[in-house]
Structures are given as C-alpha cells and as structure tokens.
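Before I ask anything, let me first share the structure, which is written out below as structure tokens.
Read the figures in this text as sums done on the coordinates, not as results from a lab. Since we're looking at a predicted model, the values are computed, not measured. When we count neighbours, we look across all protein chains shown, and the Cβ atoms used for this are built from the backbone with ideal geometry, even at glycine.
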Amino acid sequence: MKPFTFGMKTMRITQNYNGTASHKSHWYNSRDYADYPIDCAGKDGNREPYYATVDMQVLTIKGKGNSMTNTIWLVTTEKVQTPSGVMKVFMALTHWNDNDPYVSKLKVGNIIKSGEPICEEGTDGATANHLHVIYGNADRSCGSSLIQNSNGKWVSSGYCMKPEEVMYVDREFTTVVDTCGLTFQDKPKEEINTSFLGEKGWLGFGDESDSVGKICQFMHDTFPKYGEWLGLDNEKILGNYYGNIIKSYITEFQKRTGLETDGNVGPITLAKLKEFGFKE
Ligand SMILES: [Zn+2]
C-alpha cells in the first residue's frame with residue numbers, strides 16, 4: 001500500500017490552518033465546519049507545480065473563467081497509508097490561474113498518474129503565487145462541494161483533516177523550507193503489510209484473524225508478568241480474537257514503550273513489537 005505524501009518539491013507553508021490572516025474565518029468561532037487549509041508556496045518568486053504522489057482522479061473543477069476562486073478536487077484511486085490509518089484521501093487545490101498549463105488539459109473523471117503535475121501555484125483570488133490546499137478522509141465524505149460555516153465562510157463540505165494527520169513528507173522528493181509550525185511525519189520506510197494488519201491497516205477490539213493469534217501468543221510468551229500486574233489471567237489471552245485482555249496488554253506495552261496508548265496494533269506498534277522479537 002502506498003503512503004500519501006505532500007506533492008510539491010518545495011514545502012514553504014506561509015499560513016497554516018490556525019492562521020489569522022485569511023484563514024481565521026475557516027475556524028474562528030466556527031461551530032460546525034472547519035477545513036484546516038494550508039497555504040503552500042514553493043520557491044520564492046516561482047510558480048511550482050503540485051504533483052500527484054499517488055494516482056488521483058479529478059472529481060470537480062470549479063471557478064475557471066468566472067468570479068469564483070479556481071479550485072480542483074481530487075481523490076486517490078485506491079486506499080493509501082496515512083499517519084491516521086488507511087483510507088482514500090481527497091484533496092482540493094485553490095488559486096491556480098485560468099491559464100494553468102496543467103489544469104487546462106484536465107477533465108472531470110481523468111486520472112492523474114503518480115508523478116504527474118495537477119496544477120501550479122497561482123493568483124486567482126490571491127495576491128501572491130501560492131496554492132491553498134485542504135485534505136480529508138474520502139471514505140467518510142469527499143465533499144467535492146462547498147458549505148457555508150457559521151462565519152459565512154465557504155469551506156469544504158467533506159470530512160477534512162489536519163494536513164499532518166493525512167500526509168507524510170517524502171524528504172527525497174520535497175525540500176522542507178518552512179512548515180509554519182506544523183509537524184509532519186517522514187514517509188515511512190516500510191509500507192504497511194496489509195496481509196498481516198488487514199484491510200483497514202490496524203488490528204483492534206473485535207478483530208479475529210491468525211495475525212491476532214500470533215500477537216496474543218507473543219504477548220503471552222514474552223510478557224507473562226503483564227497478566228499479574230493487570231490482574232488478568234495470562235492463559236486467557238490465547239486465541240485469535242482481539243478481546244479485552246490482549247487490548248489491555250497492548251495498552252500496557254504502548255505505555256511502557258512511550259507509544260500512544262490506544263490499545264490497537266497499527267504499523268507503529270507492530271514495528272515496536274518487532275524490536276522485542278515479534279515475527280509476523
Ligand atoms: Zn489560504
């Protein structure tokens with residue numbers, strides 16, 4: 001499974017989603033919709049393209065030739081790996097110019113292959129060259145339309161997420177100049193093993209599989225004291241079902257190794273288990 005990464009060769013974020021310049025109305029006092037935009041400028045003075053980093057399909061193109069600010073919506077053609085799990089991701093890019101050399105060749109429904117440009121920075125509805133970009137979980141709602149929030153600001157109607165929750169940065173592709181205070185994870189060295197972690201990319205309560213059985217056996221053999229500490233029977237952990245006992249053991253393991261304690265086994269927890277000798 002491919003990781004979803006940022007699509008410009010230079011990352012220079014000039015305003016993040018908490019920005020108080022033009023982004024304030026996207027979040028301030030908004031009771032309902034916030035779409036977490038970032039303004040991306042590439043090299044200063046240039047117009048850099050934004051590339052598809054996985055195959056993406058064009059959902060909507062709006063604003064070209066009229067007063068609305070130019071925006072293109074896209075969605076990944078397949079589920080991708082993100083810092084928040086496995087999902088289809090949508091993305092909307094705003095401010096490219098009417099004569100954009102890449103968008104002018106695009107139609108709704110087209111697939112842009114990984115590595116191909118989508119559009120370049122522009123000034124349609126903006127004073128300086130940049131792209132205003134939002135991202136979200138298309139499995140929940142891709143929202144290729146706009147909705148007015150309680151500030152009267154038009155924002156994406158989809159399930160938007162903070163950029164650092166949706167994408168990684170591939171440092172072989174992107175030179176990071178300014179993240180504007182946001183912290184991005186590097187593109188993972190290993191892709192998620194979906195045959196082990198299953199279609200959703202992680203194992204958790206209610207899951208039942210041979211993989212769960214292997215993890216239960218490993219925790220039983222490697223950390224038998226956990227049962228004593230947690231007041232649980234170490235023999236009852238065995239089996240292929242992800243129940244409360246294995247969840248408690250994994251939570252304890254995460255706590256002791258400094259990981260986020262959600263009690264699930266995703267790529268990060270799996271990698272940590274391997275450090276202690278676990279084999280898939
Ligand atoms: Zn913006």
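If amide H atoms are built 1.01 Å from N in the plane of the peptide, which residues on other chains or at least 5 residues away come under 5 Å of the amide H of residue 161?
135, 136, 137
Now for a different question. With each run of n ≥ 4 DSSP H residues scored as -39500 (n - 2.57), what mean residue ellipticity at 222 nm is computed for the chain after dividing by its residue count and rounding to the nearest 500 deg cm²/dmol? Each step should come with its number before you reach the end.
On the way: 7 runs with 53 residues, N = 280.
After summing the helix terms and dividing by residue count, I get -5000 deg cm²/dmol.
Given 0.36 nm per residue, what is the gain on full extension from residue 105 to residue 214 after removing their alpha carbon distance, in nm?
On the way: separation 109, 0.36 × 109 = 39.24 nm, distance 5.05 nm.
Residue separation times 0.36 nm, minus the Cα-Cα distance, leaves 34.2 nm.
How much length would be gained if the chain were fully extended between residue 113 and residue 205, taking 0.36 nm per residue of separation minus their Cα-Cα distance, in nm to one decimal?
Working: separation 92, 0.36 × 92 = 33.12 nm, distance 3.65 nm.
Additional length available on full extension: 29.5 nm.
For the chain, take the longest principal axis of its alpha carbons; what is the angle in degrees between that and the long axis of helix 210-222, to the nearest 10 within 0 to 90?
For helix 210-222, the angle is close to 60 degrees.
While we're on this one: What relative contact order, as a whole-number percentage, does region 10-178 give when Cα pairs under 8 Å and 6 or more residues apart are counted?
On the way: 415 pairs, mean separation 48.9, N = 169.
It comes to 29 percent, rounded to a whole number.
Expected output is a single nm value to one decimal: the length gained when fully extending between residue 172 and residue 84, i.e. 0.36 nm times separation in residues minus the C-alpha distance. What is it? Don't skip to the answer; put the middle values down first.
Numbers: separation 88, 0.36 × 88 = 31.68 nm, distance 2.19 nm.
Length gained, residue 172 through residue 84: 29.5 nm.
Sticking with this structure for a sec: By its C-alpha gyration tensor, with a ≥ b ≥ c as the square roots of the eigenvalues, how is the chain shaped: rounded for a/c under 1.5, else prolate for a/b larger than b/c, else oblate? Can you show the working numbers first?
On the way: a/c = 2.45, a/b = 2.23, b/c = 1.10.
Because a/c hits 1.5 or more and a/b exceeds b/c, the chain counts as prolate.
While we're on this one: With a Förster radius of 41 Å, plug the Cβ-Cβ distance of residue 275 and residue 98 into 1/(1 + (r/R0)^6) and report the FRET value to the nearest 0.05.
On the way: r = 53 Å, r/R0 = 1.30.
That pair, residue 275 with residue 98, gives E of 0.15.
Work out from phi, with θ = phi - 60° and the Karplus expression 6.51 cos²θ - 1.76 cosθ + 1.60, the ³J(HN,Hα) of each residue of region 161-168, listed in order in whole Hz, and give x for Gly and Pro.
9, 5, x, 6, 8, 10, 10, 9
Using alpha carbons only, how many angstrom separate the centre of region 29-84 from the centre of region 234-256?
After rounding, the separation between the Cα centres reads 41 Å.
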